[in-house]
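A short worksheet on the structure shown next.
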Amino acid sequence: MDYMTLKTLKLSEYSDAADGFRAVSDMASAAKDRIELQITVAMKKANEGEAAHAADGQLRELAKNFHYTQVECGLVSTALDGFVYDLEAARKKLDAVVEEAHAKKFTVNSDGSVSYPPAGEKTDGKLPEGGTITSLAEDPTADAIGRYAANIDPNPNAQYAQEYADLIADAVKEATEADEKWAPKLRALKADDDLTVSDRDWADAKKDTAGVLKGAEDYLHSIKEPPKHGTPKENAEWWKSLTDEQRADYIAVHPDSIGWMDGLPATVRDEANRTVLAETRGATQIELDAWMAKEPDRFTTVHQLNPNTGEEVDVQVRDPEKENEWQKWEAKRKELQGRIDGMDSIQSRYDNFTGADGTRPYLLGFDNKNLGHAAVSIGNPDSADNVVTYVPGTGSNLGGIDGEIRRAEALQAKAERTDLTHSTASIVWLGYDAPQSLVPDATDDTTWADNARGPLSNFLTGLDTAHHGGHVNSTLLGHSYGSLVAGETMRDHPNLPVDNAILVGSPGTGVNHAKDLNIPTDHVWAATAKNDLVNMAPPPAGRLAPLNPKAYMQLFDDHSAMYGTDPTSNEFGGRTFGVPNGHLPGWHLKLMPAHSQYWEGDSLDHMAEIVTGGAP
C-alpha cells in the first residue's frame with residue numbers, strides 16, 4: 001500500500017462487494033429453506049420408491065451446499081465490512097492531513113512527500129527557501145535526524161511539512177497493516193473445488209469464523225455491542241437497534257452467542273444455531289475419526305499346543321491390562337458417537353419435515369459443552385397461541401436428545417388435535433447439565449437444578465418477549481428431576497411468564513406447597529404412575545440415609561418426597577390428573593419403564609388438554 005493507492009482507493013467498491021456477498025448469502029439461505037421445507041416435502045408427498053429416495057438424498061446434499069454457501073458468503077461479507085472499516089479509519093486520517101496541508105499551500109506529492117513554500121525571516125532580502133520532506137518513520141535514526149533538521153530550518157514550514165509527511169506515512173502504514181491482515185483471511189475463505197460439503201469443510205468454516213472474528217474486532221466494537229448479561233428485553237431492544245447489515249455480520253461471526261440469546265426471534269436463533277450445529281458436527285466427526293485410529297489392542301498372543309495335531313499355535317486371548325485400556329477408549333468412542341447421533345437426530349427433523357402446519361422445527365439453542373445442550377421447538381413459539389416447554393430429567397444429554405424431541409413432537413401433535421382453533425409450539429429445553437444417574441447424582445443433590453434456574457428463567461422470559469402477539473399461554477412441563485428444575489425456577493422467579501405447570505414422575509419440586517410456585521394453585525398439575533419407582537424415593541436424609549430412620553418416613557407419611565412435598569399429594573395443594581399405572585419394573589429388562597410412559601395414552605391426552613388451556 002502506498003500513498004496514491006490509498007488516496008485513490010474506492011472503498012465503495014468493497015462495500016458494494018460486501019453487499020453482494022451478503023445478498024448471495026441471503027439467497028443461499030432462502031434456497032436451503034425452500035429445499036428443506038417445501039421442495040422435498042412436496043416430492044415426498046407425490047413420489048415414493050428408490051428413485052424418490054435417491055432424489056431426496058441428492059436434495060439434502062444440495063441444501064447442505066446452499067447452507068455452506070450461506071455461511072461462507074456471510075463470512076466474506078463481514079470480512080469485507082471489517083476491511084472497509086479499517087481502511088476508512090486510515091483514509092480519514094490521510095484526507096484530514098492532506099486537506100490541512102493544502103490549506104497552508106503545501107503540495108502533497110504522489111509518493112507521499114510534502115513540498116512547502118518559502119517562508120520565515122528574510123536574509124539578504126530573500127525568504128528561506130522551500131523544500132520537500134519525505135517521512136523516514138521506518139528508519140528511527142534517519143527520522144530523528146530529519147526531525148532535527150526540520151526544527152532548525154529557518155523556514156518554519158519545514159516543521160509543518162515534516163509533521164504532515166509523518167502523519168501521511170502513519171496513515172499509509174495503518175492501511176498497509178489492514179491490507180496485510182485481511183488479505184490472507186479473505187484468501188482463506190475459499191471452498192474446495194467440488195460439490196461435496198464434507199465434515200472437514202464445516203470444521204474449516206468454524207476456523208474461518210474465528211479468523212474473521214479476530215480480524216473484525218475493531219469493526220464489531222464500532223457497532224452497538226449487545227448488553228453484557230442482558231435481560232431478554234434488553235437483548236431484544238439491542239437486536240432491533242441494528243441495521244440488517246449489522247445483524248447479518250453478528251450472526252456470521254457470533255452464531256454461538258446469537259443462538260442462545262434469549263429475547264431474539266426464533267427464526268434468528270434457528271439460523272445461528274444451525275450453523276453451530278453443522279460446524280460442531282463436522283468437528284466432532286473428525287475427532288471421532290482420529291480417535292478410531294487409536295484403538296488399542298484388547299488381546300495378547302500366547303502359544304498353545306493344538307490337542308488334535310500336537311503343533312504349537314498362536315492364540316489371541318484377552319489381556320486384563322489391555323482390556324482396561326480398551327474399555328477407556330471404548331467409553332470415549334461411545335461418547336463421541338453419542339454426541340454425533342444426537343446432532344444427527346436434530347438435523348433429521350429438518351431433513352424429514354413433512355410440511356404439516358405448525359411442525360416446522362426451530363433450533364433455539366445448541367452447543368456441545370459439557371454434556372451437550374439443545375433447545376428444540378416443534379412449531380414457531382413466536383406466533384403460536386400456546387407454548388409448552390418441557391424440561392427433561394435424570395440421564396438426559398445431547399446423545400439422547402432424539403427421545404426428548406419425540407416427546408415434544410407427540411405433545412404438539414396431540415395439542416393440535418385437542419384444540420383445532422389454536423396453534424401450539426412444543427419445546428424440549430435441555431439447556432442444563434442433568435444428573436446422569438439416580439445414585440448418587442440425582443439423590444439428595446439440587447446442584448444440577450440450582451445451576452439451571454437462571455438459564456431456564458431467561459429462556460421462558462425470552463419466549464414471552466419475542467412473541468408476536470404479546471403474552472402467550474405458557475406451560476412449563478417438568479419430568480423426573482426436570483420437575484425440580486421447573487419448581488425451583490418458578491419458586492425463585494415470581495414474575496416468570498408461566499400460566500400452567502405440569503409435573504410428572506416428580507421426586508419433588510423444591511417447595512412444600514403449590515402456592516410457592518407463584519401461579520394459581522389450580523393451574524399446577526401433577527401425576528405419577530402407580531408403578532413408577534419414583535414413588536419409592538425417600539426424602540433427603542443425608543449421606544447415611546440407609547441408616548437414618550427419616551429415610552423411611554414415607555412408609556407412614558405419603559406426602560413427603562425427596563425434594564419437598566409430593567406434588568401429587570393433597571398436602572401439596574395443586575391438582576392431579578389420571579395416568580395409566582405403567583409397566584412394572586423389569587418389563588423388557590427396564591428398571592423404571594413406567595417412569596417414561598407419560599407421553600402415552602390418557603396421560604398424553606390430559607397434558608394436551610392442560611397445555612391448550614383446558615382441564616383433564
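The values are calculated or read from the model by the stated rules, or taken from the named source; none is laboratory data. Values in this document were obtained by computation on a predicted structure and should not be read as measured data. Glycine also receives a Cβ, built like all others from the backbone with ideal geometry; neighbour counts cover every protein chain displayed. Protein only, heavy atoms only, side chains kept; ligands, DNA and RNA dropped before computing areas. Shrake-Rupley method; radii C 1.70, N 1.55, O 1.52, S 1.80 Å.
Quick look at the numbers
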{"quantity": "222 nm mean residue ellipticity, helices alone, for the chain (DSSP H n ≥ 4; -39,500 (n - 2.57); rounded to 500)", "calculated": "-16500 deg cm²/dmol"}
{"quantity": "Sequence-distant lysines (8 or more away, or on other chains) whose Cα lies within less than 30 Å of residue 515", "calculated": "233, 414, 530, 550"}
{"quantity": "Space enclosed by the convex hull of the alpha-carbon atoms of the stretch 359-472, per residue, Å³", "calculated": "104 Å³"}
{"quantity": "Spatially proximal lysines relative to residue 92 (Cα-Cα < 28 Å; intrachain offsets below 8 disregarded)", "calculated": "7, 10, 104, 105, 173, 181, 185, 214, 224"}
{"quantity": "Residues residue 584 and residue 334, FRET efficiency given R0 of 25 Å [Cβ-Cβ distance, rounded to 0.05]", "calculated": "0.30"}
{"quantity": "Among 197-210, 302-315, the order from most to least packed when residues are scored by Cβ within 10 Å on average", "calculated": "197-210, 302-315"}
{"quantity": "Fraction of alpha-carbon pairs over 17 Å apart in the stretch 264-403 - percent", "calculated": "70 percent"}
{"quantity": "Dipole of the stretch 1-84 [Lys/Arg +1, Asp/Glu -1 at C-beta], most positive-end residue of 28, 39, 74", "calculated": "39"}
{"quantity": "Cα-centred dipole magnitude for the chain, charges only on beta-carbon of K, R (+1) and D, E (-1), debye, nearest 20", "calculated": "980 debye"}
{"quantity": "Spin-label pair residue 99/residue 437, simplified geometry with 7 Å Cα→Cβ offset, distance in nm", "calculated": "7.1 nm"}
{"quantity": "Two-site FRET efficiency, residue 228 against residue 267, from Cβ-Cβ distance with R₀ of 30 Å, rounded to 0.05", "calculated": "0.75"}
{"quantity": "Relative contact order (percent, whole number), the chain, Cα cutoff 8 Å, 6+ residue spacing", "calculated": "9 percent"}
{"quantity": "Size of charge dipole - the stretch 371-518 - debye, nearest 20, with Cβ of Lys, Arg +1 and Asp, Glu -1, no other charges", "calculated": "240 debye"}
{"quantity": "Rounded FRET efficiency, nearest 0.05, which uses the C-beta distance separating residue 56 from residue 173 and R0 of 56 Å", "calculated": "0.50"}
{"quantity": "Charge dipole (debye, nearest 20) of the stretch 316-357; +1 at Cβ of Lys and Arg, -1 at Cβ of Asp and Glu", "calculated": "100 debye"}
{"quantity": "P(r) histogram, all alpha-carbon pairs of the stretch 275-341 included - 5 Å bins from 0, percent", "calculated": "4, 15, 17, 14, 12, 10, 8, 7, 6, 4, 2, 1, 0"}
{"quantity": "Fraction of accessible area attributable to carbon and sulfur, the chain (%, probe 1.4 Å)", "calculated": "52 percent"}
{"quantity": "Full-extension gain in nm, residue 195 to residue 241, via 0.36 nm per residue minus C-alpha separation", "calculated": "12.7 nm"}
{"quantity": "Crossing angle, helix 140-152 versus the chain [Cα axis fit, 0-90 degrees, rounded to tens]", "calculated": "50 degrees"}
{"quantity": "Rounded tilt (10° steps) of 320-351 against the dominant C-alpha axis of the chain", "calculated": "80 degrees"}
{"quantity": "Inter-part distance where the stretch 108-141 and the stretch 407-486 are each reduced to a Cα centre, Å", "calculated": "74 Å"}
{"quantity": "Accessible area in square angstrom per residue, the chain, 1.4 angstrom probe", "calculated": "48 Å²"}
{"quantity": "Order by protection proxy (mean Cβ within 10 Å, highest first), peptides 491-503, 113-125, 588-600", "calculated": "491-503, 588-600, 113-125"}
{"quantity": "Using alpha-carbon coordinates, inclination of helix 11-34 to the longest axis of the chain, degrees", "calculated": "20 degrees"}
{"quantity": "For the chain, projected area of the alpha-carbon convex hull averaged over all directions, nm²", "calculated": "44.1 nm²"}
{"quantity": "Translational diffusion of the stretch 1-140, µm² s⁻¹ [Kirkwood Rh, Cα pairs; Stokes-Einstein; 25 °C; 0.890 mPa s]", "calculated": "121 µm²/s"}
{"quantity": "Reachable lysines from residue 64, criterion Cα separation under 22 angstrom, eight or more residues apart if same chain", "calculated": "32, 44, 45, 190, 206, 207"}
{"quantity": "Relative contact order computed over the stretch 474-525 (Cα-Cα under 8 Å; 6+ residues apart), in percent", "calculated": "42 percent"}
{"quantity": "Highest average packing first - 155-168, 467-480, Cβ atoms within 10 Å", "calculated": "155-168, 467-480"}
{"quantity": "Selection from 317, 376, 468 lying farthest towards where the dipole of the chain points positive, charges on Cβ", "calculated": "468"}
{"quantity": "Equivalent ellipsoid, the stretch 182-274 (semi-axes from 5 times Cα gyration tensor eigenvalues, Å)", "calculated": "27, 16, 10"}
